[in-house]
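Just so it is clear, none of the values below were taken in a lab; they were calculated from the coordinates. In this text the structure is predicted, and so the values were computed from the model without any measurement. Here the Cβ positions follow ideal geometry from the backbone for every residue, glycine too, while neighbour counts run over all protein chains shown.
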Amino acid sequence: MPLEIERKFLVKTDAWRDHATHAERLRDGLVARQDGLKVRVRCYGSRTTLCVKSGRRGLSREEFEYDIPRDHAEAIFAHCAGRIIEKTRHYVPGESGVWEIDVYHGALDGIVIAEIELPSETTVVTPPDWVGDEVTGDPRYSKANMLTERLRAATVRELRRARLAGL
C-alpha cells in the first residue's frame, strides 16, 4: 500500500524564501470525508488528480492518487463549493529533505505551513530556524478542518497573530 509519512510545522519567519528553488499554485477540493477517510481533487501545474487518504496512524496514512483529465477535475470542483483551498507551494531543500511550504490564499490568507515527507516514521528531522511549532496530528491544521467555518476563523486569527509575533 502506498504510504504518506509526513510531519507538519508552523512557519515563524519568511527566511525560507531565500532558499526556495521553485513554486507552484495548487487548488484542492474536498470531495468527501467520512470516518477519517478523505477524497479530494487537486490541480497543480498541468496535473490534475483524484486522491484518497486514510486516517492517520502515527505519522503515516495510506494515500492513493490518480491522474484524471482536467475537465473531469473541473466537473468535480463544481461539487466542492465552500471546500476548496488555494495555495502556493514552495519547495525548499533542507538537511532532512525537501520542505514544502504552503502559503494559503483566499479565506485562509495568512496561514503558512511547512511539511516534510519522510521515508520512515523514525527518520530524524532537523528543522531549519524558520520552522516553528510542530502541528502534525493537530486536527486544527488538517486541510479538511481548516475549511470548516467554525474552526477556520479561530485558527486563521491564531496563526496570523503568531506570525506577526514571529513565534
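Structure values in brief
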read-out: The chain, relative contact order in percent, only Cα pairs under 8 angstrom and at least six apart counted; value: 28
read-out: Acute angle (nearest 10 degrees) that the helix 149-165 long axis makes with the longest principal axis of the chain, alpha-carbon atoms; value: 20
read-out: Fewest-first sequence of Met1, Met146 by Cβ atoms within 10 Å of each Cβ; value: Met1, Met146
read-out: The range 56-64 - phi-based ³J(HN,Hα) in whole Hz, Karplus 6.51/-1.76/1.60, Gly and Pro as x; value: 7, 10, x, 9, 10, 7, 6, 9, 10
read-out: Sparse-neighbourhood loop sites, GluC sites (Glu not before Pro) in the range 66-103 - DSSP loop, at most 11 other Cβ within 10 angstrom; value: Glu95
read-out: Cα-based Lys pair tally, the range 3-165, threshold under 15 Å, eight or more apart or on separate chains; value: 5
read-out: Separation of alpha-carbon centers, the range 32-54 and the range 69-141, rounded to whole Å; value: 13
read-out: Burial ordering of Thr88, Thr21, fewest other beta-carbon atoms within 10 Å first; value: Thr21, Thr88
read-out: Fewest-first sequence of Ser120, Ser60 by Cβ atoms within 10 Å of each Cβ; value: Ser120, Ser60
read-out: Reported label for calculated Cα extents along the principal axes in Å given [x] 41, 35, 31; [y] 66, 43, 29; [z] 60, 38, 31; value: [x]
read-out: DSSP-assigned coil residues among GluC sites (Glu not before Pro) in the range 112-144, each with at most 14 further Cβ atoms within 10 Å; value: Glu121
